[in-house]
Amino acid sequence: MKFNIKRFFTDNKFKKLTIMSYIYSAIFRFQIKFIKPKKLKKHWGKEGVESDTEESREHYLFAAHVSQTVNRICNKTSWESKCLVRALTAQRMLVKQGIPSTMYLGVREDNGKMLAHAWLRVGKMIVTGGEVCDGFTVVDKFCK
């Protein structure tokens, strides 16, 4: 599918979210690839803390737009934009709007292999990574 610049500016209600998703996903992918996780963790929020499980309707609505935009953009990037990149991208976009969130890091065993996964929650809503977060044991969480 070819990018249509005219359609982007006329039909896209969330131009800023789209552009920010692309930029943040690139930044976070670069960081994950080239910086040690110990250094990165300092910027992910308060470790071991969770945000509230209740949020306003406006926050849920904005989080839903962020979720849709981040997943759409990350599916089309030329770099690898898996669960951690998506969670960090959405987290940054929500923080910019003053919306608290919790990022979870989890693991599970599948056919003798350890799998890792990251997902982001706002209130009771899973913003990114929710489609596969069941069955993962939370090993760390970060509130921002």
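Residues in region 83-103 that are over 19 Å from residue 25 (Cβ atoms) and in contact with a strand residue (DSSP E or B) (Cβ under 7 Å, 6 or more places away or on another chain) were compared, and the one that is least open to solvent (accessible area, probe 1.4 Å) is 102.
Does residue 120 count as at pLDDT 95 or above, part of a strand (DSSP E or B) and closer than 22 Å to residue 33 by Cβ?
yes
Just so you know, in region 127-144 the residues that are among the small types (Gly, Ala, Ser) and within 21 Å of residue 60 (Cβ to Cβ) include one that is modelled with the lowest pLDDT, and it is 130. For region 132-143, does any single residue satisfy the condition of being over 17 Å from residue 16 (Cα atoms), of a type in the set (Lys, Arg) and either open to solvent by 20 Å² or more (accessible area, probe 1.4 Å) or assigned to a helix (DSSP H, G or I) (or both)? Yes.
Number of residues in region 33-58 that are open to solvent by 50 Å² or more (accessible area, probe 1.4 Å) and in a helix (DSSP H, G or I) equals 8.
For region 8-19, check the following and say yes or no: at least one residue is modelled with pLDDT under 90, open to solvent by 80 Å² or more (accessible area, probe 1.4 Å), part of a loop (DSSP other than H, G, I, E, B) and charged (D, E, K, R). Yes, the conditions are met somewhere in region 8-19. Going residue by residue through region 83-96, is there one that turns out to be hydroxyl-bearing (Ser, Thr, Tyr) and modelled with pLDDT under 95? Within region 83-96 (the criterion being hydroxyl-bearing (Ser, Thr, Tyr) and modelled with pLDDT under 95), the answer is no, since none of the residues qualifies.
So which residues in region 97-117 are touching a residue at least 40 places away in the same chain (Cβ under 8 Å) and not in a strand (DSSP E or B), if there are any at all?
The answer is 99, 100, 101.
Scan region 104-131 for residues that are of a type in the set (Phe, Trp, Tyr) and open to solvent by 40 Å² or more (accessible area, probe 1.4 Å) and the total you get is 0.
The values are calculated or read from the model by the stated rules, or taken from the named source; none is laboratory data. Because the structure is predicted, anything quoted here is derived from the model rather than measured. A quick note on method: Cβ atoms are made from the backbone with ideal geometry, for glycine too, and the neighbour counts reach across all protein chains shown. For accessibility, only protein heavy atoms count, side chains too; no ligands or nucleic acids. Shrake-Rupley method; radii C 1.70, N 1.55, O 1.52, S 1.80 Å.
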